[in-house]
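Engineer: First the structure, which I've put down as structure tokens, then a few questions once you've had a look.
The values are calculated or read from the model by the stated rules, or taken from the named source; none is laboratory data. Remember, it's a predicted structure, so these values are computed and weren't measured experimentally. Glycine gets a Cβ as well: all are built from the backbone with ideal geometry, and neighbour counts include every protein chain shown.
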Amino acid sequence: MRILFFLLGFSLSIQAAAAELIWKRSQILERDLSRALELAADELCLELGQYSCLKDVHLYALGDHDPFARVQYRSLPEPSQLTAIAFERVVLNACINRIARDGEGAAPTVFRFYPLQQKLSQLNRPAIAQQIRDLYQRFLVRDPLPAEEAALLGLANDPALGDEKASMFSQALCLAVGSQLEFLFF
Amino acid sequence: MPSRPRLWYLGFVLGFANFASQLNAIPLNASLFCSSYPEAPACSSGQASCQTCHTAPPTLNLYGGDLSRKLRSFADFDKSPAAFSRYLDESLRAIATIDSDGDGRTNETELAEGSDLSKPDQGPMPPPPSDQTAFEPELAWRRAHLLFCGASPSYQDLVAFRTKSAAEQKIELHSALDKCLVSDFWLKDALPRLADDKIKPNRAVGVDGNPFVIGDYSYDYRLFVHVMSGDRDMRDLLSAQYHIGPNGEKIEVPIPDRKIEGKITVANGQPLEPAKRYGMITTQWFISTNTMFAELPRNTASQAYRAYLGLDIARSEGLFPVPNEPRDVDNKGVKEEACAFCHSTLDPLAYAFAPYVGLRGGRLAVGSFDAGFTQWENWAYLFGEPVSDLGAWVQKAVQSEDFQKNLTMLLYSYMLGNPPRSQAQLAEFDELWQSLPGLNYNANKLIHAMVETQSFGGRF
């Protein structure tokens, strides 16, 4: 949690440099998340295993509207409290789905710098650092600042994670990078 | 019975009109207010919004209540425009030093801050974005990718972009934008969503409706996307005499309705003869869903006014009372004093739409033209000036500043997420809409101009 707040602070300070922040609404968020994690739109997040989080269930909270079935003609003018919750849920689901695929296949796509089945204690730091840099480049289209990279490397030593499998650590890593406000506002 | 989703609005308009006597001279007041407070952020456009004094017209907010009480303290104040002209400034000054919303700051202070003086305990609004920004091609380039291609550029593309000179980056920005403006994301996903509030589709009674089909709004969406893309002229939104078929082909003949087995098909073609077509505001869906069963299609006119000129009569916008109106041609009681003020604009606005056939049955298809239906056509007005028919209405509309501002605002709000919020942004916005004639009213050229603004690509 401390690390998330730390990254949030960084994220906000970086974004404050733009004269205006633009909300990455559902349609664009879906495509950008697909691009970042190399998943098809329908592989990102499904509620109850069948309802699209981005096109259906959380569409309005994430800033778009459904004019046809729900007769919504306008979107929220600005994010609501539900936006943050829906955003994090969508990113977490997409991360879980990507990690599951990378753990199954012989040629992982995103989480490819260390074996996902290994224990956290077995991972070497350069490999984790490579994964962190890759996730920053994928989600935020930039390299992490040294302090950001150090904070995430510290996550690997967080006692709360214990000696989980690398896949569990990767979930935390993916969420920590992908759910930064910098990914939601541009 | 088919769903009647628009009738609530008619009810609202008529209900709202009951309070109209309290709204006398509101457009005038919005300007007079800014004569008293020309420097206030609320007057950045030269005219204060209704919400300065109202929660939703005609209901007054706390500040408006104080102002109303002061105005009514003058013995000869009769709510006439002349009375407002005579007493408004004096009344505004009289309530300047009181604290209408009880949050500890005077009305005058809150007006200067741009704070909401109608709600207690609201702090000053955050300062508007600084004007001290420098244009950054990289920011504009990344944003253009997201907004018009639907996704960020890759990290590798960004690294390559950074190796270019400033001049090359600017060229790359426009080159990337050109590619994005023909992408599936823009043409099939994002751009149609900008038309939702204009077309107001409803699947329950659209072409896939069951059992009733009262129109096929896919024609509306295709026309909107066609006009707002490529090298087209945005004035065609109101003046196009063609439709766009499912394969992108231009159709310049009537398209008859066709029966759908097992459904009650009221309308699903475009039966109107091309000479009587006026873009988005005479499609069969637009007439069907807005006019419905009305003799005088007030909803149709007010939706055209709101969607394409940005003027919402329900918010007391665009009121141009016409002498001797309303005539109450359909016996709805709108001559009553309480209704007459708004309807003296709305009814003359609607006469030009009356010959377009709504859901009234008979031998003529919905959305077709019935010259003999009424005698009202020649009574039509727009912006307080007479127009001979809907064609003249449209010609006047597309030449107006309101049309230019409305379309520019549509794209500006999509790209920035909100209307202009500072004097600097407002100045850029004004420059953009004023440039439309020089850009041949082309949406893509306008977007190319917008990505070069400080509002879009400015960084502190």
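Engineer: Considering only helices (runs of 4 or more DSSP H) fully contained in the range A:122-186, which possess at least 1 residues that are more than 27 Å from B:GLU138 (Cα to Cα) and touching a Gly at 6+ places or on another chain (Cβ under 8 Å)?
Structural biologist: Ranges flagged: A:166-178.
Engineer: Being within 22 Å of B:SER152 (Cα to Cα), within 10 Å of chain B (Cβ to nearest Cβ) and part of a helix (DSSP H, G or I) is true for just one of A:ASP42, A:ASP32. Which residue is that?
Structural biologist: Unique residue meeting the criteria: A:ASP32.
Engineer: Here's something else I'd like to know. So B:GLU261 passes all but one of these: (1) surrounded by fewer than 24 Cβ atoms within 10 Å (Cβ to Cβ); (2) outside any helix (DSSP H, G or I); (3) touching a residue at least 24 places away in the same chain (Cβ under 8 Å). Which condition number does it fail?
Structural biologist: (3)
Engineer: Now for a separate question. May I ask you to say which residue of B:ALA340, B:ALA371 is modelled with pLDDT under 95 and over 24 Å from the mean Cα position of the chain (by Cα)?
Structural biologist: Answer to the check: B:ALA371.
Engineer: In the range A:54-71, what residues are over 18 Å from the mean Cα position of the chain (by Cα) and buried (at least 21 other Cβ atoms within 10 Å of the Cβ)?
Structural biologist: Once the filter is applied, which keeps residues that are over 18 Å from the mean Cα position of the chain (by Cα) and buried (at least 21 other Cβ atoms within 10 Å of the Cβ), the range A:54-71 yields A:ASP64, A:PRO67.
Engineer: From B:GLY358, B:GLY333, B:GLY372, B:GLY384, which residue is more than 14 Å from chain A (Cβ to nearest Cβ) and under 20 Å from B:ASN290 (Cα atoms)?
Structural biologist: Answer to the selection: B:GLY358.
Engineer: Checking the conditions here, which among B:GLY279, B:GLY310 is touching a Leu at 6+ places or on another chain (Cβ under 7 Å) and either among the aliphatic types (A, V, I, L, M) or under 22 Å from B:GLN395 (Cα atoms) (or both)?
Structural biologist: B:GLY279
Engineer: Can you tell me which residues in the range B:416-443 are over 20 Å from the mean Cα position of the chain (by Cα), in contact (Cβ under 8 Å) with a residue 40 or more places away in the chain, crowded, with 16+ Cβ neighbours inside 10 Å and part of a helix (DSSP H, G or I)?
Structural biologist: The answer is B:ALA424, and nothing else.
Engineer: Something else: Quick check on the range B:235-249. Is at least one of its residues small (Gly, Ala, Ser) and more than 26 Å from the chain's Cα centre (by Cα)?
Structural biologist: Looking through the range B:235-249, at least one residue is small (Gly, Ala, Ser) and more than 26 Å from the chain's Cα centre (by Cα).
Engineer: Evaluate the range B:153-165: report whether one residue or more is within 14 Å of chain A (Cβ to nearest Cβ) and among the aromatic types (Phe, Trp, Tyr).
Structural biologist: Yes - at least one qualifying residue is present in the range B:153-165.
Engineer: Answer yes or no: is there a residue in the range B:181-194 that is farther than 29 Å from B:ASN440 by Cβ, facing chain A (nearest Cβ under 10 Å), at pLDDT 95 or above and not in a loop (DSSP other than H, G, I, E, B).
Structural biologist: No, the conditions are met nowhere in the range B:181-194.
Engineer: I'd like to check which helices (runs of 4 or more DSSP H) are fully inside the range B:289-400 and have at least 2 residues that are of a type in the set (D, E, K, R).
Structural biologist: In the range B:289-400, the matching helices (runs of 4 or more DSSP H) lie at B:298-309, B:337-350.
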